[in-house]
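Colleague: Pasting in a structure now, in structure tokens, and then I'll have a few things to ask.
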Protein chains: 2
Amino acid sequence: MPDSWLDIAPDAQFGPATLPYGVFSTGDDPTTRPGVAIGDQVLELGAAARALDAPFADTVSGPDLDALLAAGRPVWDQVRAAVTAWLTDPAHEAAVRPHLVERASVTLHLPFTVADYVDFYASEHHATNVGRIFRPEQEPLTPNWKHLPIGYHGRSGTVVVSGTDIVRPTGQRKPPTEPVPVFGPSARLDIEAEVGFVVGTPSPMGERVAVDDFADHVFGVFLLNDWSSRDLQAWEYVPLGPFLGKSFATSISPWIVPVSALESARVEQPAQDPEPLPYLKGSQPWGLDLRLEVRLNGHLISNPPFSQMYWTAAQQLAHMTVNGASLRTGDVYASGTVSGPEVAQRGCFLELTWSGKEPLRLPDGTERAFLEDGDEVTITATAPGPEGTRIDFGEVTGRILPAR
Amino acid sequence: MPDSWLDIAPDAQFGPATLPYGVFSTGDDPTTRPGVAIGDQVLELGAAARALDAPFADTVSGPDLDALLAAGRPVWDQVRAAVTAWLTDPAHEAAVRPHLVERASVTLHLPFTVADYVDFYASEHHATNVGRIFRPEQEPLTPNWKHLPIGYHGRSGTVVVSGTDIVRPTGQRKPPTEPVPVFGPSARLDIEAEVGFVVGTPSPMGERVAVDDFADHVFGVFLLNDWSSRDLQAWEYVPLGPFLGKSFATSISPWIVPVSALESARVEQPAQDPEPLPYLKGSQPWGLDLRLEVRLNGHLISNPPFSQMYWTAAQQLAHMTVNGASLRTGDVYASGTVSGPEVAQRGCFLELTWSGKEPLRLPDGTERAFLEDGDEVTITATAPGPEGTRIDFGEVTGRILPAR
């Protein structure tokens, strides 16, 4: 892994092994445009590509990443190889340096147009805990859970970029003590720490995408907080699944890490028993060793291990299309809450506080069963990069505003 | 209601009371462009607007209805008033006639960009029948059903225009006789006869839309067939709702009937007991007297009455946004299967054949429990218009192709 000619501390975020894509604007120029994060700088991708006569300059000069996503794997590889060369070969420094902007000075935007949004439920630990909490009289895992990656469609119109404030949702909930539902602000507002995937290359209706074609279709990986109202959700979700308990907001991290940056993070997923049907089997491992950290008001409250997910993103893609559903550029799908086997590895308050019965005690002496107004939740992650480097995912953060 | 100067038979489809909007192309000109159906003709909207110097010409000259949808209620009213005048006042005939195209000669397209797609479950008769079939050991209606309009998000990327062939989906299903799921083509492929609504005017995240603001946000109404695989759905839907059992295809009728064409179709909805929460109450009735007809291979199999729906589209809109979820131009939501109290008023095969146990006998001597390859399903509807006229919704149709 060559070093950058930029003066990047060995431990700094976004070294040359990551090179994630985002969309930014500046105070001088409110135009939104694609960028690549490198250390504490952002490379303006379109301007650099034009300066260096790159053949893909038009593809990276739009207001967002949509054209790059649609361009497909060969172009993704070409752009990444070029940007790596520009930032590591000193011969390019003079041409590239004018197109760097201080990362602290930019505003980051939703990096692509979200088409459909699907949320899975792929952590056995999470699904088991939730089953025990929501359906204590039954087996925690439903009979289908180990045969297929359970998922549902969410609301793509309320996918927002990290840093967007989240208004506490209002709606119906039915406390067990009440004969009829009551109306008001959610009293059990939660997070779900997840990993998201964005589709670049589409697929036609009526055809399937194989597990092994994952990297031809999926452009990149990011962090996702699937904000959840547990009281709205509990009252509404039988029989057609979560709706208003989830649809008010989903936050994503602004830097999209290309799948090709994750070669050193690929690991075998946990053993699957029973053996899945053939359409859910691939020849290569797509477990990913992302290590998440969840902070509440700056205080670390959980370390969810993504490597422990029962179903991989490649299996989820194959399942999502096995019925002939098409893929579109910009389709987002997420892992579901990432929870490990340990208490301190759980990815939501529902599990961390066991439905509020065991509140978290924070260093400031306060307790949390669920989120309070003003609380800020930040999810970060890293993964192993090549030759001992580190892949950085940056963060997804959001603060709770009072209900309106 | 003035007559058109066009020679339209009194009983012809698309008289001057309907004037629905669609998007078409012709053999001469493959450009997609907005049109209005009038009798057996289509008025090319942008060309007519330019010829008549209409101030909204740009809004109706794009490749689809997106700009018109985004323009909002005052512009919708202005366009409808102008088109009505053009087609009924003989003074306009000379200017307008050159912009008419034979309806039989045009190709119709998906008329707008679908943003999010939500499907409700608003017929008490349908929900009761489905509850009896899927959960025979329980109360047919879940405890929440009469307190809120149950809904879930569907896949907007597989919403297709009427006439698109539907490939039989493949996937997992678990017959009760098998110990583990089997893989293959769906054996219980079904329709759901529904009414769809498209949002024009967006709303910001964090704010609610009131029941009484329905007509300020919703542009138009159409027919929708929510193709459903009952065997895929039954195996997957607990606990997070329908996913692959629905996501392979949803067909919509190509002509969008403006909400303002439906004044004479507005009726009181069925009485609601218990009384809904205040956010679900409006001051005006939004029941709609649409009379649906469902045909299988040309044979009438059902007459679902939309006036019998328990929850109105105005209540659904208020519910969908009560948690602060935003609306976008192009958001589609659908009623859920329209079923009346009679057997011959049921809107899907699951109910019509009682889960396949009582197959339909067709005039050709064959029977149907669920759809077979080559079957064609067509849903049509009409509603009362002003002064004894009729509002026409045209049709949504689709044919089943074998699994791939």
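The values are calculated or read from the model by the stated rules, or taken from the named source; none is laboratory data. Treat the numbers as computed from the prediction; the structure is a model and nothing was measured. Neighbour counts are summed over all protein chains in view; Cβ atoms, including those assigned to glycine, are modelled from backbone coordinates with ideal geometry.
Colleague: Whether any residue in the stretch A:139-151 is more than 9 Å from chain B (Cβ to nearest Cβ) and buried (at least 22 other Cβ atoms within 10 Å of the Cβ) is what I want to check.
Modeller: Looking through the stretch A:139-151, at least one residue is more than 9 Å from chain B (Cβ to nearest Cβ) and buried (at least 22 other Cβ atoms within 10 Å of the Cβ).
Colleague: Scan the stretch B:94-112 residue by residue and report those that are farther than 23 Å from B:Leu223 by Cβ and either at pLDDT below 95 or touching a helix residue (DSSP H, G or I) at 6+ places or on another chain (Cβ under 9 Å) (or both).
Modeller: Result: B:Ala95, B:Val96, B:Pro98, B:His99, B:Leu100.
Colleague: So B:Ala187 ticks every box in (1) away from chain A (no Cβ under 13 Å); (2) out of contact with any Leu (no Cβ under 8 Å at 6 or more places or on another chain); (3) farther than 18 Å from B:Cys348 by Cα; (4) not in a strand (DSSP E or B) but one. Which box is left unticked?
Modeller: (3)
Colleague: Can you tell me which residue among A:Glu93, A:Glu102 is more than 15 Å from A:Ala37 (Cα to Cα), more than 14 Å from chain B (Cβ to nearest Cβ) and either surrounded by fewer than 16 Cβ atoms within 10 Å (Cβ to Cβ) or in contact (Cβ under 8 Å) with a residue 60 or more places away in the chain (or both)? Give the steps one after another, and end with the answer.
Modeller: Numbers: A:Glu102 fails: more than 15 Å from A:Ala37 (Cα to Cα).
The match here is A:Glu93.
Colleague: Considering only residues of the stretch A:199-229 that are out of contact with any Leu (no Cβ under 9 Å at 6 or more places or on another chain) and of a type in the set (Asp, Glu), which is surrounded by the most Cβ atoms within 10 Å (Cβ to Cβ)?
Modeller: Of everything passing the filter in the stretch A:199-229, A:Asp226 is surrounded by the most Cβ atoms within 10 Å (Cβ to Cβ).
Colleague: Return yes when A:Trp255 is within 14 Å of chain B (Cβ to nearest Cβ) and of a type outside the set (Asp, Glu) and no when it is not. Can you show your working first?
Modeller: Values: within 14 Å of chain B (Cβ to nearest Cβ): no; of a type outside the set (Asp, Glu): yes.
Criteria not met by A:Trp255.
Colleague: Next question, about the same structure. Given the residues A:Trp86, A:Trp76, which is the only one that is outside the structural domain of A:Val257 (by TED's automatic domain parsing), without any contact (Cβ under 8 Å) to a residue 60 or more places away in the chain and of a type in the set (Phe, Trp, Tyr)?
Modeller: Details: A:Trp76 fails: without any contact (Cβ under 8 Å) to a residue 60 or more places away in the chain.
Checking each option against the conditions leaves just A:Trp86.
Colleague: Could you check the stretch A:152-184 and list, in sequence order, the residues that are acidic (Asp, Glu) and either facing chain B (nearest Cβ under 10 Å) or under 30 Å from B:Pro181 (Cα atoms) (or both)?
Modeller: Filtering the stretch A:152-184 for residues acidic (Asp, Glu) gives A:165, A:178.
A:Asp165, the sole residue that qualifies.
Colleague: Here's a follow-up. Looking at the stretch B:1-24, which of the residues that are more than 27 Å from B:Asp66 (Cα to Cα) and in contact with a helix residue (DSSP H, G or I) (Cβ under 6 Å, 6 or more places away or on another chain) is surrounded by the fewest Cβ atoms within 10 Å (Cβ to Cβ)? Before you say what the answer is, go through the steps one by one.
Modeller: Of the stretch B:1-24, the ones more than 27 Å from B:Asp66 (Cα to Cα) are B:1-12.
With the extra rule that they be in contact with a helix residue (DSSP H, G or I) (Cβ under 6 Å, 6 or more places away or on another chain), the set shrinks to B:1-2, B:4-5.
Details: B:Met1: 13, B:Pro2: 11, B:Ser4: 19, B:Trp5: 17.
Looking at residues that are more than 27 Å from B:Asp66 (Cα to Cα) and in contact with a helix residue (DSSP H, G or I) (Cβ under 6 Å, 6 or more places away or on another chain), I get B:Pro2.
Colleague: Within the stretch B:279-290, is even one residue assigned to a helix (DSSP H, G or I) and either farther than 23 Å from B:Glu387 by Cβ or more than 14 Å from chain A (Cβ to nearest Cβ) (or both)? Full working, then the answer.
Modeller: Keep residues of the stretch B:279-290 that are assigned to a helix (DSSP H, G or I), which gives B:279-280.
With the extra rule that they be either farther than 23 Å from B:Glu387 by Cβ or more than 14 Å from chain A (Cβ to nearest Cβ) (or both), the set shrinks to B:279-280.
Within the stretch B:279-290, one or more residues are assigned to a helix (DSSP H, G or I) and either farther than 23 Å from B:Glu387 by Cβ or more than 14 Å from chain A (Cβ to nearest Cβ) (or both).
Colleague: For the list (1) more than 10 Å from every other protein chain (Cβ to nearest Cβ); (2) within 22 Å of B:Ser326 (Cβ to Cβ), I need the number of the one condition that B:Pro202 fails.
Modeller: (1)
Colleague: Could you identify the single residue in B:Ala314, B:Ala271 that is free of Cβ contacts under 8 Å to residues at least 12 places away in the same chain, over 25 Å from B:Leu401 (Cα atoms) and more than 14 Å from every other protein chain (Cβ to nearest Cβ)?
Modeller: Details: B:Ala314 fails: free of Cβ contacts under 8 Å to residues at least 12 places away in the same chain.
Criteria check complete, one pass: B:Ala271.
Colleague: For the structure I just gave you, tell me whether B:Asp66 is out of contact with any Pro (no Cβ under 7 Å at 6 or more places or on another chain) and free of Cβ contacts under 8 Å to residues at least 40 places away in the same chain.
Modeller: Values: out of contact with any Pro (no Cβ under 7 Å at 6 or more places or on another chain): yes; free of Cβ contacts under 8 Å to residues at least 40 places away in the same chain: no.
The answer is no for B:Asp66.
Colleague: Tell me yes or no: at least one residue of the stretch A:314-327 is outside the structural domain of A:Arg33 (by TED's automatic domain parsing), over 30 Å from A:Leu69 (Cα atoms) and modelled with pLDDT of 95 or more.
Modeller: Looking only at the stretch A:314-327, we keep the residues that are outside the structural domain of A:Arg33 (by TED's automatic domain parsing), and these are A:314-327.
From the residues that got through so far, the ones that are over 30 Å from A:Leu69 (Cα atoms) too are none.
Within the stretch A:314-327, none of the residues are outside the structural domain of A:Arg33 (by TED's automatic domain parsing), over 30 Å from A:Leu69 (Cα atoms) and modelled with pLDDT of 95 or more.
Colleague: Take the stretch B:389-404 and flag every residue that is of a type outside the set (S, T, N, Q), farther than 14 Å from B:Leu296 by Cβ and modelled with pLDDT of 95 or more.
Modeller: Initial filter on the stretch B:389-404 (of a type outside the set (S, T, N, Q)): B:390-396, B:398-404.
Right, trim to farther than 14 Å from B:Leu296 by Cβ and you get B:390-394, B:401-404.
Matches in the stretch B:389-404: B:Arg390, B:Ile391, B:Asp392, B:Phe393, B:Gly394, B:Leu401, B:Pro402, B:Ala403.
Colleague: For the stretch A:323-367, which residues satisfy the criterion of being more than 22 Å from A:Tyr310 (Cβ to Cβ), within 14 Å of another protein chain (Cβ to nearest Cβ) and of a type in the set (S, T, N, Q)?
Modeller: A:Ser326, A:Thr329
Colleague: Restricting the stretch B:361-390 to residues that are within 17 Å of B:Glu194 (Cα to Cα) and not hydroxyl-bearing (Ser, Thr, Tyr), which is surrounded by the fewest Cβ atoms within 10 Å (Cβ to Cβ)? Explain how you work it out, then say what you get.
Modeller: Taking the stretch B:361-390 first, the residues within 17 Å of B:Glu194 (Cα to Cα) are B:376-383.
Still in the running and not hydroxyl-bearing (Ser, Thr, Tyr): B:376-377, B:379, B:381, B:383.
On the way: B:Glu376: 15, B:Val377: 23, B:Ile379: 29, B:Ala381: 26, B:Ala383: 25.
Looking at the filtered set, the residue picked out is B:Glu376.
Colleague: From the list B:Leu244, B:Leu300, B:Leu280, which one is buried (at least 21 other Cβ atoms within 10 Å of the Cβ), of a type outside the set (Lys, Arg) and within 26 Å of B:Ile379 (Cα to Cα)? Outline the logic, then answer.
Modeller: On the way: B:Leu300 fails: buried (at least 21 other Cβ atoms within 10 Å of the Cβ); B:Leu280 fails: within 26 Å of B:Ile379 (Cα to Cα).
Among B:Leu244, B:Leu300, B:Leu280, only B:Leu244 is buried (at least 21 other Cβ atoms within 10 Å of the Cβ), of a type outside the set (Lys, Arg) and within 26 Å of B:Ile379 (Cα to Cα).
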